[in-house]
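Working notes, structure below.
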Amino acid sequence: MSECSDIVQLEGVTRAFAGAKAVDGLSLKLKAGEVMGFLGTNGAGKTTTIKMMLGLLAPTSGSVKVLGGDPSDPRIRVHIGYMPEVATYYPYLNARELLAFYGGICGLDAKTVRSRTDSLLESVGLADAAKRPLKTYSKGMLQRAGIAQALLNDPDLLVLDEPFTGLDPLARIHFRELLRNLKERGKTIFFSSHELGETELLCDRVAIMKKGHCVYQGPVKDIAGDGATNLERLFLKTLGEAK
Ligand SMILES: Nc1ncnc2c1ncn2[C@@H]1O[C@H](COP(=O)(O)OP(=O)(O)OP(=O)(O)O)[C@@H](O)[C@H]1O
Ligand SMILES: [Mg+2]
């Protein structure tokens, strides 16, 4: 682990696609046990940042350090849980088989995977659907399977790209509780979202992106206290959209 317990350390990170900067000079630190929400309009650079944080995309310039090392290093990756924005799973696998597949990729032994599978599927509300092929799942059920997949390796750092999308209100509440429990266990969580209410309820800090630039980073407690409205006000103000 890096000095001063930074779990994620981005320094001046820029990523350009065909000359256009999707992320421009982003510096961001995440300490152990912190929950950070990553906000911004569509196309602001959130997913691009997350992919660089995971070593799935190389920065054009700047440095990315996760858990004290290079996130593309498999020894680092085994400690990261990731739920992508859009996941494409093998449609003929059921949820149980999906977790067995990802467990193998993570290098977990079959016994550990089996022992975690029941409680994970229970915690995301998929226990009754565990033997149905994923092609029969609704959008929210696939999202739940993705959450279980991201937690399978009991990661130290959890990176979630729009995890609340598609979840019904009950699943949202359960998922919020799940994330809170993980935080209580000392896990570090970074998630992008358009759900300001969930972000305000869950996060210690937020970062707001606009056109590749980080226009705000700060603690939620300074602005929280009024449901989603305070964060909504801050969001609109930092984007220059406040009335
Ligand atoms: N592979 C790619 N090739 C070219 N441009 C890309 C690529 N990936 C992302 N971009 C561009 O980079 C910018 C940031 O995209 P990104 O997916 O990071 O946004 P986002 O903040 O995650 O948006 P959303 O809220 O819609 O998910 C957009 O202008 C997008 O078109
Ligand atoms: Mg995105």
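Would you please name the residue that is nearest to THR14 (Cα to Cα), looking only at residues in segment 51-70 that are assigned to a loop (DSSP other than H, G, I, E, B) and in contact with a helix residue (DSSP H, G or I) (Cβ under 6 Å, 6 or more places away or on another chain)? Don't jump to the end; show me each part of the working.
Going through segment 51-70, the residues assigned to a loop (DSSP other than H, G, I, E, B) turn out to be 54-60, 67-68, 70.
Remaining after also requiring in contact with a helix residue (DSSP H, G or I) (Cβ under 6 Å, 6 or more places away or on another chain): 57, 59, 67.
Working: LEU57: 11, PRO59: 6, LEU67: 20 Å.
For segment 51-70, the residue satisfying everything is PRO59.
Which residues, counting only those in segment 80-97, are more than 16 Å from ligand 1 (Cβ to nearest atom) and either charged (D, E, K, R) or over 19 Å from the mean Cα position of the chain (by Cα) (or both)?
Residues satisfying the conditions are TYR90, PRO91, TYR92, LEU93, ASN94, ALA95, ARG96, GLU97.
Would you mind telling me which numbered condition in (1) within 16 Å of ligand 1 (Cβ to nearest atom); (2) of a type in the set (D, E, K, R); (3) surrounded by fewer than 19 Cβ atoms within 10 Å (Cβ to Cβ) LYS29 fails?
(1)
So that you can scan it fast, the table gives a plain yes or no per residue for (1) on the phi < 0 side of the Ramachandran plot; (2) within 16 Å of ligand 2 (Cβ to nearest atom); (3) surrounded by fewer than 22 Cβ atoms within 10 Å (Cβ to Cβ):
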{"position": "SER5", "(1), (2), (3)": "no, no, yes"}
{"position": "MET53", "(1), (2), (3)": "yes, yes, no"}
{"position": "SER61", "(1), (2), (3)": "yes, no, yes"}
{"position": "SER72", "(1), (2), (3)": "yes, no, yes"}
{"position": "ARG75", "(1), (2), (3)": "yes, no, yes"}
{"position": "HIS79", "(1), (2), (3)": "yes, no, yes"}
{"position": "TYR89", "(1), (2), (3)": "yes, no, yes"}
{"position": "TYR92", "(1), (2), (3)": "yes, no, yes"}
{"position": "PHE101", "(1), (2), (3)": "yes, no, yes"}
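May I ask you to verify whether GLU184 is at pLDDT 90 or above and of a type outside the set (Phe, Trp, Tyr)?
Details: at pLDDT 90 or above: yes; of a type outside the set (Phe, Trp, Tyr): yes.
So GLU184 fits the description; yes.
Taking the conditions exactly as written (touching a helix residue (DSSP H, G or I) at 6+ places or on another chain (Cβ under 8 Å), within 13 Å of ligand 1 (Cβ to nearest atom) and at pLDDT below 95), does PHE175 satisfy them or not?
Numbers: touching a helix residue (DSSP H, G or I) at 6+ places or on another chain (Cβ under 8 Å): yes; within 13 Å of ligand 1 (Cβ to nearest atom): no; at pLDDT below 95: yes.
Against the criterion (touching a helix residue (DSSP H, G or I) at 6+ places or on another chain (Cβ under 8 Å), within 13 Å of ligand 1 (Cβ to nearest atom) and at pLDDT below 95), PHE175 does not qualify.
I need the full set of residues from segment 184-204 which are among the basic types (Lys, Arg) and buried (at least 18 other Cβ atoms within 10 Å of the Cβ), in order please. Please lay out each step first, then the result.
First, pick out the residues of segment 184-204 that are among the basic types (Lys, Arg): 185, 187.
Selection gives LYS187 alone.
What number of residues within segment 151-179 are closer than 18 Å to VAL8 by Cα and charged (D, E, K, R)?
Residues meeting the conditions: 3.
Scan segment 137-188 for residues that are polar (S, T, N, Q), touching a strand residue (DSSP E or B) at 6+ places or on another chain (Cβ under 9 Å) and not in a loop (DSSP other than H, G, I, E, B) and report the count.
Let us first name the residues in segment 137-188 that are polar (S, T, N, Q), namely 138, 143, 149, 153, 165, 181, 188.
If we keep only those that are touching a strand residue (DSSP E or B) at 6+ places or on another chain (Cβ under 9 Å) as well, we get 143, 149, 153, 188.
From what's left, not in a loop (DSSP other than H, G, I, E, B): 143, 149, 188.
Qualifying residue count for the region: 3.
Among the candidates LYS221, LYS135, single out the residue that is more than 16 Å from ligand 2 (Cβ to nearest atom) and in contact with a Pro (Cβ under 8 Å, 6 or more places away or on another chain).
On the way: LYS221 fails: in contact with a Pro (Cβ under 8 Å, 6 or more places away or on another chain).
So the residue among LYS221, LYS135 that is more than 16 Å from ligand 2 (Cβ to nearest atom) and in contact with a Pro (Cβ under 8 Å, 6 or more places away or on another chain) is LYS135.
Can THR112 be described as without any contact (Cβ under 8 Å) to a residue 12 or more places away in the chain, outside any helix (DSSP H, G or I), under 30 Å from PRO133 (Cβ atoms) and hydroxyl-bearing (Ser, Thr, Tyr)?
For THR112, the condition - without any contact (Cβ under 8 Å) to a residue 12 or more places away in the chain, outside any helix (DSSP H, G or I), under 30 Å from PRO133 (Cβ atoms) and hydroxyl-bearing (Ser, Thr, Tyr) - is not met.
GLU85 passes all but one of (1) away from ligand 2 (no atom under 13 Å from the Cβ); (2) over 18 Å from THR188 (Cα atoms); which number fails?
(1)
Test each condition in (1) touching a strand residue (DSSP E or B) at 6+ places or on another chain (Cβ under 9 Å); (2) over 21 Å from PHE191 (Cβ atoms) for LYS31 and report the one that comes out false.
(2)
For segment 32-50, name all the residues that are crowded, with 24+ Cβ neighbours inside 10 Å and within 6 Å of ligand 1 (Cβ to nearest atom).
GLY40, GLY45, LYS46
Kindly check whether there is at least one residue in segment 199-207 that is away from ligand 1 (no atom under 15 Å from the Cβ), among the aliphatic types (A, V, I, L, M) and within 18 Å of GLY33 (Cβ to Cβ).
Our first condition is that a residue be away from ligand 1 (no atom under 15 Å from the Cβ); within segment 199-207, this holds for 200-205.
Subset that is among the aliphatic types (A, V, I, L, M): 201-202.
Adding the requirement that they be within 18 Å of GLY33 (Cβ to Cβ) leaves 201-202.
Yes: segment 199-207 contains one or more residues that are away from ligand 1 (no atom under 15 Å from the Cβ), among the aliphatic types (A, V, I, L, M) and within 18 Å of GLY33 (Cβ to Cβ).
With the requirement that a residue be over 18 Å from the mean Cα position of the chain (by Cα) and either modelled with pLDDT under 95 or not in a strand (DSSP E or B) (or both), what does segment 1-49 give you?
Start the filter on segment 1-49 by keeping residues that are over 18 Å from the mean Cα position of the chain (by Cα), which leaves 1-5, 11-22, 24-25.
Matches in segment 1-49: MET1, SER2, GLU3, CYS4, SER5, ALA18, GLY19.
The values are calculated or read from the model by the stated rules, or taken from the named source; none is laboratory data. Predicted, not measured: the structure shown is a model, and the values here were computed from it. In this analysis, Cβ positions are derived from the backbone assuming ideal geometry, glycine residues included, and neighbour counts consider all displayed protein chains.
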